Amino acid sequence: MKKLDKSTLQKLDAQTGDPCITIVIGTDVKSFADKEQIELKIKNAIKEISEELRENYDETKSKKLINKVKTLAQKIDLNRSYTGVGLYVTESFQELVSFPFPVSESIHVSNSFGVSEILDSYEKMIRYYVLALSKNETRLFRGAGNSVLEINDHNFPLRMEDEFQVSRKAPHSFYNDEESKVDQARMKSYFRKVEEQLGKYLKSEPLILLGVKENLSDFKSVSQYTDQIIAKLHGNFDRHSIRDIEQLVWPELESYLKEQQSAYITTSHE
């Protein structure tokens, strides 16, 4: 399944055919009952599309298209953390897309895909960054809605060893106050480098910090982006998967959005 991005939207918008099949369904599962209802919606959507295809196209063509729709539908994983899916099918094209925002149900057959509402929602979707700070490796994620993508390039992940030559202490050596001060200075220098690299991506977007308290404190002491920090989650996130990160940060984003909406309503009534 492909995560929604601008290039995917452009590709869908460019497709034409006779027919272009669009099925958009909300898949925000909060309970087992939700899951059963969504599975029924998917089943009914396929049934509706199948009937329309059989009525308007020859048997060979309609059968081929119905099979393509069913094959795509089998790839939907309702255990994943997305709030909607879109199935897009023509005779020569098929794509299953996940949406990181609520969607209205849409089922239709036309000579193009129905993407105008999705495009509008995408343009309004909140963008943000997640910075997972660590002495081992600092990771940066670009977020949109409840979906995040890890940045892997020449800037991130950033390892402390990339910036400093780490010397190992001899066995049984004493760790004195002077060594502690040196280590503290090295950590702040490292986080200044993290800050510098972060500035190549972060503009006015909100920022979520992940990491142990000491690392978050050291980073904040050298950062110019403190006003953009909307949440801090404490712990070690070195081994967390993208899905783990998504599930951790989305409640923080929801809380932030509710606060922003509440503040807007209060201000507009003053």
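The values are calculated or read from the model by the stated rules, or taken from the named source; none is laboratory data. Note that the structure is predicted; figures quoted are calculated from it, not measured. With ideal geometry, Cβ positions are generated from the backbone for all residues, glycine too; neighbour counts draw on all protein chains shown. The area values use the complete protein model at the heavy-atom level, side chains included, leaving out ligands, DNA and RNA. Shrake-Rupley method; radii C 1.70, N 1.55, O 1.52, S 1.80 Å.
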- Task: Determine which single condition N136 fails, assuming it passes every other condition in (1) surrounded by fewer than 17 Cβ atoms within 10 Å (Cβ to Cβ); (2) closer than 24 Å to S147 by Cβ; (3) modelled with pLDDT under 95.
- Result: (2)
- Considering the stretch 38-70 alone, what residues qualify as being more than 14 Å from V85 (Cβ to Cβ), open to solvent by less than 90 Å² (accessible area, probe 1.4 Å) and either in contact (Cβ under 8 Å) with a residue 60 or more places away in the chain or not acidic (D, E) (or both)? N44, I49, S50, L53, Y57, K61, S62, L65, I66, N67, K68
- Within the stretch 8-33, the count of residues that are modelled with pLDDT of 85 or more, assigned to a helix (DSSP H, G or I) and either over 15 Å from Y88 (Cβ atoms) or open to solvent by 40 Å² or more (accessible area, probe 1.4 Å) (or both) comes to 4
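Table: residues versus (1) within 26 Å of K41 (Cβ to Cβ); (2) open to solvent by less than 10 Å² (accessible area, probe 1.4 Å); (3) in a strand (DSSP E or B).
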residue: E91; (1), (2), (3): yes, no, no
residue: F101; (1), (2), (3): yes, no, no
residue: S110; (1), (2), (3): yes, no, yes
residue: D120; (1), (2), (3): yes, no, no
residue: L149; (1), (2), (3): no, no, yes
residue: D153; (1), (2), (3): no, no, no
- Message: Would you confirm whether or not the stretch 101-116 contains a residue that is over 16 Å from the mean Cα position of the chain (by Cα) and either free of Cβ contacts under 8 Å to residues at least 24 places away in the same chain or more than 19 Å from C20 (Cβ to Cβ) (or both)?
- Response: yes
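This table checks each residue for (1) open to solvent by less than 60 Å² (accessible area, probe 1.4 Å); (2) of a type in the set (K, R); (3) modelled with pLDDT under 95.
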| position | (1), (2), (3) |
| --- | --- |
| R168 | no, yes, yes |
| P171 | no, no, yes |
| D177 | no, no, yes |
| Q184 | no, no, yes |
| M187 | yes, no, yes |
| R192 | no, yes, yes |
| Q197 | yes, no, no |
| K200 | no, yes, no |
| L207 | yes, no, no |
- Message: I'm trying to understand the selection: among the residues of the stretch 122-147, which are of a type in the set (S, T, N, Q) and not in a strand (DSSP E or B)?
- Response: S134, N136, N146
